[in-house]
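Remarks on the structure that follows.
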Amino acid sequence: MARMTMVEAIRDAHDVAMARDDRVIVFGEDVGYFGGVFRCTAGLQKKYGKSRCFDTPISESGIVGTAIGMAAYGLRPCVEMQFADYMYPAYDQIVSEAARLRYRSAGEFTCPIVVRMPTGGGIFGGQTHSQSPEALFTHVAGLKTVVPSNPRDAKGLLLAAIDDPDPVIFLEPKRLYNGQFDGHYDKPIVSWKKSELSEVDEGYAPIPLGRAKLRREGRDVTILAYGTMVHVALAAVADSGIDGEVIDLRTLMPLDIDMITASVRKTGRCVVVHEATLTSGFGAELVALVQQECFWHLEAPVARVAGWDTPYPHAQEWHYFPGPPRIAKALQAVMEA
Amino acid sequence: MAARKNTKKPNIKPNIAADELKKYYREMLLIRRFEEKAGQLYGMGLIGGFCHLYIGQEAVVVGLEAAAEEGDKRITSYRDHGHMLASGMDPNGVMAELTGREGGYSKGKGGSMHMFSREKHFYGGHGIVGAQVPIGAGLAFADRYKENGRVTFTYFGDGASNQGQVFETFNMASLWQLPVVFVIENNQYAMGTSQSRSTSTPELYTRGKPFGIPGEQVDGMDVLAVKEAGEKAVAHCRSGKGPYVLEIMTYRYRGHSMSDPAKYRTREEVQKIREERDPIEHVRTLLLEGKHASEEDLKAIDKEIKQVVNDAAEFSKDSPEPALEELWTDIYAEAAPQNA
């Protein structure tokens with residue numbers, strides 16, 4: 001079993017998928033010759049040729065639109081938006097076309113595409129290179145939304161996403177690409193190779209969509225997180241000394257509601273964390289579901305820790321980012337409620 | 001630009017057989033009568049929501065279908081009934097989709113703007129102006145990838161040709177030499193906005209030029225001219241030379257949709273084109289003056305079409321409403337989470 005960074009794991013997933021199925025084609029801005037701005041597709045064009053891994057113009061709508069046409073006629077396109085923040089011109093295609101093709105044709109045509117995009121902050125990218133737009137996708141029936149938090153999951157979930165018969169939005173937390181990050185931004189970066197989560201299964205080993213992963217068992221409070229915030233939540237638990245149970249959702253749609261309800265019914269408390277802005281974020285959906293499914297088990301109001309309702313700042317990135325102290329404070333408050 | 005008056009004497013090219021002309025007549029008439037019936041059913045409240053009629057534009061799809069071969073694909077916007085009928089889709093299934101019934105092509109889930117047929121290689125019916133254009137290029141990409149020699153007809157209107165994603169697609173299609181015919185159906189009005197009020201340069205056939213895509217303007221009221229241009233465009237694409245733009249000058253007689261007050265053009269303008277440029281009358285004249293058909297022959301066709309359309313209307317009324325459970329199907333491959 002090889003140890004990989006998240007970038008290497010994503011590249012490996014592409015490699016495996018392309019080797020086993022010549023319907024899989026990979027394209028996007030700088031994806032071919034250059035190998036992707038974050039290097040997630042490096043070497044694929046050389047190995048599989050320019051007809052299967054290639055560069056596109058800077059035309060996000062065109063990229064997703066052509067992918068939909070290819071998918072409708074039997075290919076399996078896996079495309080990259082260079083940053084999730086660049087997705088907006090393609091949103092029309094994602095929402096009005098990709099998500100709806102199956103329904104509007106009563107199953108006559110389907111749209112098995114994957115749209116990968118680096119998401120989240122932590123790299124001083126400011127408001128146009130740091131956003132977390134997952135709620136814009138989970139709000140749309142017909143889409144699936146995946147957010148891996150480590151190399152092992154990134155590979156397995158990407159393989160499953162490429163196999164999936166429906167359009168999948170695959171959000172890759174860019175701060176995790178090349179190293180572990182738990183929100184303690186002032187500490188040195190820790191290599192992925194030091195984590196067991198960098199042990200990536202060789203070959204074709206998909207991880208099914210729709211299953212969350214328990215990252216830490218605990219008795220006091222359930223913490224629901226995904227992507228980068230899984231690690232931040234674990235740090236907050238360690239810092240606060242509160243016995244938190246940390247669930248890594250991994251896929252937001254479909255959502256593993258069973259694991260969530262079992263945990264909250266056990267702990268009686270719940271804190272939801274995400275990096276995206278608070279209002280109408282995916283956390284609101286989680287809170288609604290938790291109170292609906294677990295109301296009589298709750299000992300305290302469900303709390304949310306999220307980005308502020310501001311544009312993603314540049315200089316004040318770490319004031320915006322919901323780091324371990326903010327989560328620890330929420331855990332404390334929920335325990336004292 | 002107003003449609004130019006056809007001052008040419010009707011002539012039949014020696015390579016056009018009488019049977020072929022009759023076929024175009026029949027196909028165009030089917031679209032017209034079908035659309036007239038749809039308008040009636042709408043007025044009776046049997047069709048709800050949006051309904052964009054193709055009346056006046058019949059020669060465009062019939063001419064281009066005559067240039068297509070088996071396996072070629074077509075994709076279009078929301079004014080799609082004509083494309084479906086011309087591609088050979090069942091009028092019953094189209095009409096029943098308009099009335100939102102189980103027997104409709106999309107089981108009532110799509111409505112007027114969203115129907116599909118794998119059998120006829122019809123990739124929809126798309127309700128967002130211009131959004132079908134990159135998808136058409138993607139279909140052509142898949143054809144090229146599979147090296148199957150097929151061509152995709154990607155239809156859009158003069159209004160859609162100002163959408164940004166159309167230009168993105170022109171660039172990509174030319175860059176990758178995709179076998180796609182971009183068909184701009186120029187009916188001169190983007191809903192209620194005339195071309196002169198929406199478009200800086202009216203020559204839409206030149207829109208591909210900056211991307212190295214050849215284009216030409218075609219008289220869309222003359223089915224033979226459309227067919228000829230279509231054949232040229234298809235030959236270009238099939239030979240591996242990349243995309244082609246056809247700007248087909250046409251005219252819709254009815255409003256943009258059923259709720260169009262038509263304040264943006266005069267009744268005289270519409271009437272003049274109906275009288276002088278009608279594409280069906282044009283073929284009718286060719287048939288009669290060329291003595292390829294008698295009045296009786298054409299009456300028989302009219303009668304036959306009337307029957308097909310009446311049957312479609314009956315079918316669309318008799319077909320049951322979709323079962324309530326259908327609300328939750330075809331969202332994902334697996335059962336969708338039901339939170340009702």
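A search for C-beta distances below 9 Å between a residue of segment A:265-278 that is farther than 15 Å from A:Val230 by Cβ and any residue that is in a strand (DSSP E or B) and among the charged types (D, E, K, R), counting only pairs 6+ apart in sequence or on different chains, returns A:Lys266/A:Glu245; A:Thr267/A:Glu245; A:Leu278/A:Arg304.
Considering A:Pro112, A:Pro118, the condition of being part of a loop (DSSP other than H, G, I, E, B), at pLDDT 95 or above, crowded, with 24+ Cβ neighbours inside 10 Å and not hydroxyl-bearing (Ser, Thr, Tyr) is satisfied by A:Pro112 alone.
Can you name every one of the helices (runs of 4 or more DSSP H) wholly within segment B:258-340 that holds 1 or more residues which are among the basic types (Lys, Arg) and touching a Lys or Arg at 6+ places or on another chain (Cβ under 9 Å)? First the steps, then the outcome.
On the way: elements: B:267-277, B:279-289, B:295-318.
Fully inside segment B:258-340 and qualifying: B:267-277, B:295-318.
Looking across segment A:43-54 at every residue that is touching a strand residue (DSSP E or B) at 6+ places or on another chain (Cβ under 7 Å) and within 12 Å of another protein chain (Cβ to nearest Cβ), the one that is farthest from B:Thr169 (Cα to Cα) is identified as A:Arg52. Would you confirm whether any residue within segment A:48-57 is among the aromatic types (Phe, Trp, Tyr), under 27 Å from A:Asp92 (Cα atoms) and out of contact with any Pro (no Cβ under 9 Å at 6 or more places or on another chain)? Checked segment A:48-57: at least one residue is among the aromatic types (Phe, Trp, Tyr), under 27 Å from A:Asp92 (Cα atoms) and out of contact with any Pro (no Cβ under 9 Å at 6 or more places or on another chain).
Would a scan of segment B:253-269 turn up a residue that is among the aliphatic types (A, V, I, L, M), touching a Phe, Trp or Tyr at 6+ places or on another chain (Cβ under 8 Å) and modelled with pLDDT of 95 or more? No. Kindly establish whether B:Val94 is assigned to a helix (DSSP H, G or I), among the β-branched types (Val, Ile, Thr), out of contact with any Asp or Glu (no Cβ under 7 Å at 6 or more places or on another chain) and within 23 Å of B:Ile305 (Cα to Cα). It is true that B:Val94 is assigned to a helix (DSSP H, G or I), among the β-branched types (Val, Ile, Thr), out of contact with any Asp or Glu (no Cβ under 7 Å at 6 or more places or on another chain) and within 23 Å of B:Ile305 (Cα to Cα).
Exactly one residue out of A:Phe27, A:Phe34, A:Phe38 is of a type in the set (Phe, Trp, Tyr) and within 12 Å of another protein chain (Cβ to nearest Cβ): that is A:Phe27. Across segment A:82-109, the qualifying residues are those that are part of a loop (DSSP other than H, G, I, E, B) and facing chain B (nearest Cβ under 7 Å), and the one among them that is nearest to B:Pro134 (Cα to Cα) is A:Phe109. Looking only at helices (runs of 4 or more DSSP H) that lie completely in segment A:225-327, which have at least 2 residues being more than 23 Å from A:Asn178 (Cβ to Cβ) and outside the structural domain of A:Ser191 (by TED's automatic domain parsing)? So the answer is A:228-240, A:257-267, A:282-294.
For segment B:30-74, the set of residues classified as crowded, with 24+ Cβ neighbours inside 10 Å and on the phi > 0 side of the Ramachandran plot consists of B:Gly56 only. For segment A:123-168, a residue qualifies if it is away from chain B (no Cβ under 14 Å), farther than 23 Å from A:Leu197 by Cα and of a type in the set (Val, Ile, Thr), and exactly one does: A:Thr128.
Residues are listed down the side, and each one gets a yes or a no for (1) within 15 Å of the chain's Cα centre (by Cα); (2) within 14 Å of chain A (Cβ to nearest Cβ); (3) crowded, with 22+ Cβ neighbours inside 10 Å:
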| site | (1), (2), (3) |
| --- | --- |
| B:Phe122 | yes, yes, yes |
| B:Leu139 | no, yes, yes |
| B:Glu147 | no, yes, no |
| B:Met172 | no, yes, yes |
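Within segment B:189-204, the set of residues being buried (at least 21 other Cβ atoms within 10 Å of the Cβ) and not in a strand (DSSP E or B) comprises B:Leu204 only. Of the candidates A:Ala67, A:Ala71, A:Ala84, the single residue that is assigned by TED's automatic domain parsing to the domain that holds A:Val7, more than 20 Å from A:Met18 (Cβ to Cβ), at pLDDT 95 or above and hydrophobic (A, V, I, L, M, F, W, C) is A:Ala84.
Within segment A:41-56, the set of residues being buried (at least 21 other Cβ atoms within 10 Å of the Cβ) and in contact with a Phe, Trp or Tyr (Cβ under 8 Å, 6 or more places away or on another chain) comprises A:Gln45, A:Cys53, A:Thr56. When segment A:57-73 is filtered for residues that are buried (at least 24 other Cβ atoms within 10 Å of the Cβ) and more than 7 Å from chain B (Cβ to nearest Cβ), the ones remaining, listed by number, are A:Glu60, A:Ile63, A:Val64, A:Ala71. Do we have B:Thr76 as more than 14 Å from every other protein chain (Cβ to nearest Cβ) and touching a residue at least 12 places away in the same chain (Cβ under 8 Å) here? The answer is no for B:Thr76.
Hey, does segment A:165-184 have a residue that's surrounded by 24 or more Cβ atoms within 10 Å (Cβ to Cβ), in the same structural domain as A:Leu75 (by TED's automatic domain parsing), on the phi > 0 side of the Ramachandran plot and outside any strand (DSSP E or B)? Within segment A:165-184, one or more residues are surrounded by 24 or more Cβ atoms within 10 Å (Cβ to Cβ), in the same structural domain as A:Leu75 (by TED's automatic domain parsing), on the phi > 0 side of the Ramachandran plot and outside any strand (DSSP E or B).
Given the structure, is B:Tyr105 surrounded by fewer than 22 Cβ atoms within 10 Å (Cβ to Cβ) and among the hydroxyl-bearing types (Ser, Thr, Tyr)? No; evaluated as a whole, the condition is false for this residue. Exactly one residue out of B:Phe156, B:Phe116 is more than 19 Å from B:Arg32 (Cβ to Cβ) and more than 8 Å from chain A (Cβ to nearest Cβ): that is B:Phe156.
The values are calculated or read from the model by the stated rules, or taken from the named source; none is laboratory data. Just so it is clear, the structure is predicted and the values come from calculations on it, not from any experiment. Note: ideal-geometry Cβ built from the backbone for every residue, glycine included; neighbour counts use all protein chains shown.
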